[in-house]
Amino acid sequence: MKMKRTVALLAALAALSCLAGCAVNGQYDALSVPEDAVEEKAPAKAAEPDVFAEPTPEPTAEPTPEPTAEPTPEPTAEPTPEPTAEPTPEPTAEPTPEPTAEPTPEPTPKPSPRPAAWGSVKGDEYTNRYFGLTCALAKGWTFLTDEQLDQHVEGAVEDPALEGFEDDMQLFLASDGNGCAAAAVSDDSLLSFNVVVEALGSWGKYITDEDMCAIALHQLGVEDGGDLTDLGLPGGVIERNTVSFAGEDRPGLLLRFTDSSLGIDVPMYMQFVYILGDEYAMQITMSSSFDQDGLADIADMFSLEETK
């Protein structure tokens with residue numbers, strides 16, 4: 001900040017006094033002379049005034065010089081030093097630890113929703129509204145659980161009797177809409193049945209249960225009444241027949257062979273019956289050991305109602 005200085009000017013007046021000691025007519029107003037001094041010395045004659053003498057100048061008061069106000073120096077603004085920017089240290093990137101990948105648990109496959117054409121099991125009854133089919137188990141029978149059904153299908157694929165048809169079975173089961181919808185077994189394990197549903201698409205509108213029997217024979221590579229020895233069933237025979245099922249006669253296929261897997265010869269009878277819908281086909285396989293009459297007992301547990 002610029003400071004101002006105030007200078008006070010002092011005027012000193014010097015008065016010069018002069019003792020003239022003289023008066024007009026030679027008389028001294030201010031001095032007296034003793035008498036003895038008069039006797040010895042003649043009285044001094046008063047000096048004549050010199051009319052030509054220059055008058056004594058009055059002392060001139062020299063003017064007091066005005067004090068010179070020294071200029072107040074402008075304060076020199078010292079340059080503000082530029083702040084020295086300290087270099088920002090480069091952040092040291094700490095190495096990001098590699099995330100430890102926890103093993104992803106294998107997702108538990110959710111069961112696919114059952115198509116309506118598969119029907120459902122509740123208690124001792126199987127109901128399929130798509131085909132209009134119902135099966136009420138007789139006493140001494142039990143439906144397989146879903147887990148047992150899966151094992152049943154896997155066992156069928158690995159059955160030596162189906163050697164050479166494994167790929168066909170896998171393809172069938174992999175197709176959407178195909179599968180084993182229900183299965184049941186008697187307490188003595190001599191009787192059993194299963195219900196298999198196959199998606200036909202638009203074919204279902206144009207084929208009949210008679211056609212399904214012909215297609216089955218063609219897939220087995222045999223004719224009606226043909227021998228199944230080459231298929232791993234020594235002495236086995238498959239033939240067309242008509243069977244009473246659900247209170248009516250229907251075309252079907254009857255398979256007869258001898259099972260020696262237990263070390264003894266057990267006569268086996270398997271009856272195939274087909275029911276057609278607009279887009280699906282149902283195959284009911286009924287099995288009886290030792291006695292063919294057991295097939296009729298199984299067929300009597302089913303009932304059909306008109307669906308159209």
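Throughout, read-outs are computed from the coordinates displayed, never taken from laboratory work. Remember, it's a predicted structure, so these values are computed and weren't measured experimentally. All Cβ positions, glycine included, derive from the backbone under ideal geometry; neighbour counts span all protein chains shown.
Points worth noting:
- Residue ID - farthest from Cys180 (Cα to Cα), chosen from residues in the stretch 198-208 that are assigned to a loop (DSSP other than H, G, I, E, B) and hydroxyl-bearing (Ser, Thr, Tyr): Tyr206
- Each residue in the stretch 199-247 was checked for being hydroxyl-bearing (Ser, Thr, Tyr) and over 28 Å from Phe131 (Cβ atoms), and 1 of them qualify.
- Sole residue being touching a residue at least 60 places away in the same chain (Cβ under 8 Å) and more than 58 Å from the chain's Cα centre (by Cα), chosen from Phe257, Phe290: Phe290
- Residue count for the stretch 114-133, restricted to those that are in contact with a strand residue (DSSP E or B) (Cβ under 9 Å, 6 or more places away or on another chain), of a type outside the set (A, V, I, L, M) and more than 22 Å from Leu200 (Cβ to Cβ): 3
- Residues satisfying the stated conditions in the stretch 205-232, i.e. farther than 18 Å from Gly252 by Cβ and in contact (Cβ under 8 Å) with a residue 12 or more places away in the chain: Lys205, Leu231, Gly232
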